[in-house]
Amino acid sequence: MRFFAVAVLLAFVAVAAAQEGVNKLTEEQKQKARALGTECLKETGASEEAIRALIKGDDSQVDGKVKCFSKCMQEKLGFVENGKVNEEKVQNFLGKLIGEENAKATQAKCNDLKGTDECDTAFQIRQCYAAGHEGLDF
């Protein structure tokens, strides 16, 4: 579990840093990232191996639990609230990573995607946000 906590931390470094508007994570931010990843892993029962593979760009192990892990993280980070994308929070996050205009274009393309259920929708949105943009591993 300790290895997975480190992997989750690395995956969400960009998220926590962007939310706080800083370039370096504090110990508190690291703990928050670890805690969120661990909570979502427990809540969804997702495979640690599948999450690690997804972070590396390999979606061959994605199943419903991994999709729900993505939904869980998006909700805990405030990117999705009451089943809807929080466009302001996502814009703030994406804008810091890929620039304001690219973020607006990405949101226009991704925010209205719909899957077969809430977990699939969250995963499709995650995949769309991440397409062509390194560091968007949530």
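Given the criteria surrounded by 18 or more Cβ atoms within 10 Å (Cβ to Cβ), touching a helix residue (DSSP H, G or I) at 6+ places or on another chain (Cβ under 8 Å), outside any loop (DSSP other than H, G, I, E, B) and touching a residue at least 40 places away in the same chain (Cβ under 8 Å), does Phe123 qualify? It is true that Phe123 is surrounded by 18 or more Cβ atoms within 10 Å (Cβ to Cβ), touching a helix residue (DSSP H, G or I) at 6+ places or on another chain (Cβ under 8 Å), outside any loop (DSSP other than H, G, I, E, B) and touching a residue at least 40 places away in the same chain (Cβ under 8 Å).
Please indicate, with yes or no, whether at least one residue in segment 26-46 is outside any helix (DSSP H, G or I), among the small types (Gly, Ala, Ser), modelled with pLDDT of 85 or more and surrounded by fewer than 18 Cβ atoms within 10 Å (Cβ to Cβ). Looking through segment 26-46, at least one residue is outside any helix (DSSP H, G or I), among the small types (Gly, Ala, Ser), modelled with pLDDT of 85 or more and surrounded by fewer than 18 Cβ atoms within 10 Å (Cβ to Cβ). For beta carbons closer than 6 Å, sequence separation of 6+ or different chains, a first residue in segment 91-103 that is within 17 Å of Ile125 (Cβ to Cβ) and a second that is outside any helix (DSSP H, G or I) and not charged (D, E, K, R), the qualifying pairs are Leu97/Gly135; Ile98/His133. Scanning segment 104-120 for residues that are touching a residue at least 40 places away in the same chain (Cβ under 8 Å) and among the charged types (D, E, K, R), which turns out nearest to Ala46 (Cα to Cα)? So, considering only residues that are touching a residue at least 40 places away in the same chain (Cβ under 8 Å) and among the charged types (D, E, K, R), the one nearest to Ala46 (Cα to Cα) is Asp120. One residue stands out in segment 56-111 among those that are assigned to a helix (DSSP H, G or I) and of a type in the set (Phe, Trp, Tyr): the one that is surrounded by the most Cβ atoms within 10 Å (Cβ to Cβ), namely Phe69.
Among the criteria (1) more than 14 Å from the chain's Cα centre (by Cα); (2) surrounded by 13 or more Cβ atoms within 10 Å (Cβ to Cβ); (3) modelled with pLDDT of 90 or more; (4) not in a loop (DSSP other than H, G, I, E, B), the one Phe4 does not fulfil is (3).
The values are calculated or read from the model by the stated rules, or taken from the named source; none is laboratory data. Values in this document were obtained by computation on a predicted structure and should not be read as measured data. Counting neighbours? That spans all protein chains shown, and the Cβs are built from the backbone with ideal geometry, glycine included.
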